[in-house]
1. Going by alpha carbons, how many degrees (0 to 90, nearest 10) lie between the helix axis of 193-202 and the longest principal axis of the chain?
2. Kindly work out what percent of the DSSP beta bridges joining two residues of the chain are antiparallel, to the nearest 5.
3. What number of lysine-lysine pairs in the chain show an alpha-carbon separation below 28 angstrom, given a sequence spacing of 8 or more or placement on distinct chains?
4. Given the Cα-Cα distance of Asp57 and Ser214 and 0.36 nm per residue of separation, how much length would full extension add, in nm?
5. How are the C-alpha pair distances of segment 211-333 spread across 10 Å bins, as whole percents from the shortest bin up?
6. Order these peptides, 272-278, 148-154, 164-170, by their mean beta-carbon neighbour count within 10 angstrom, highest first.
7. With a 10 Å radius around each residue's Cβ, average the other Cβ atoms per peptide and rank 28-35, 213-220, 186-193, highest first.
8. Can you give me the C-alpha center-to-center distance between segment 246-302 and segment 57-123, rounded to a whole angstrom?
Amino acid sequence: MTRLSALLALSLSVLPGAALAQVAPKPGAMKTFGDWTVGCDNTNACMMLSLAPEDGDAPPTTLLIVRDAGGDVGFRVTVEPEDGRPRGLAVDGKRLAIGQVDYDGAPAGAIVGAMANGQTLQVLNAAGKTESTLSLKGASAALRYMDAQQGRVGTVTAAVAKGNAPASRVPPPPAPPVVTAVIPSGVAAKPTAAQLTAMRKAAQCDLEGFAGDSSPELHALGGGATLVLVPCSAGAYNITAAAFVLRSGKVAPARADVPTGFGEDGSTAGPATLVNASFDKGLLQSYAKGRGIGDCGTSQTFAWDGTRLRLTEQGEMGECRGNTGLATIWRATVRRKQVASSPRRRR
């Protein structure tokens, strides 16, 4: 092991105790019911998305149903046609709404209520004629699952598991955790050729067949730190990069508080791995596609808190069945802080 590689390994093991002591986020799990899938986050907000039948082609329109936690909160229904134009909806031939993309309030409640007891949802064109259809197989079970996740079972607010208990019996949404993020400032530093070689070795990068630019991306993080995103591998639709932090001429792996990339081993011990990464306004984003058309995969957004990358949002679609939407299964509130580029000297 080279001296620089040894320093990288050492810095990985001696991160500040406060960073190691933080409770790791626990993103929610996706649940699939027939031709619908549901994801709920840590605030008990739930998203329900339509899926193409397993033995059929994907329709040109998908449906998204959202409901936040809390007794006085209703549904939001979004129609997502390929051309983005407004569409109407009908269930089993009964027209419920026409000429919109987003529905809320009473119209959204009527749509969801009909779906819970229907067989097929028709997407209507401007003339009110059926343009495409969505299967409602599993829709009732998916709505019942949302009722349970939000504590609505047995209350008047439930979509399926209805009862006589008042809306006041529904628990309020849990507060999301707060991530204190460093405001990006300063000028990004450039690693040496030897440091770059050591980073690639530490991340076990494989650049064979890499057709794109393999130069690292450099982003000033604030407090004299630079985020170094080192291209590590490339596939047909995913480019991975390993994250390091360069500060005061020294390199250390940038660790995240959750598994990153494709997360096969569930470990956070090495440098964070980002897929199709982007960095904007202090937020580092990763989107690992399950396949090229983007109808399944995982997205993650991180903020740098001065010691590690903290998860601020995670979205997921576990089914490769024609819907390019992602259900939010984790969210945090981001607060910003300014950090000086160098410590002040005492006089």
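No value in this document is a laboratory result; all are computed from the given coordinates. Not measured: the values here are computed from a predicted model. Positions of Cβ are backbone-derived with ideal geometry, glycine not excepted, and every protein chain shown enters the neighbour counts.
1. Rounded to the nearest ten degrees, it is 50.
2. DSSP beta bridges in the chain are roughly 90 percent antiparallel.
3. 22
4. Full-extension gain reported as 52.7 nm.
5. 13, 46, 33, 8, 1
6. Packing order, densest peptide first, comes out as 272-278, 148-154, 164-170.
7. Peptide ranking by packing, descending: 28-35, 213-220, 186-193.
8. One Cα centre to the other: 34 Å.
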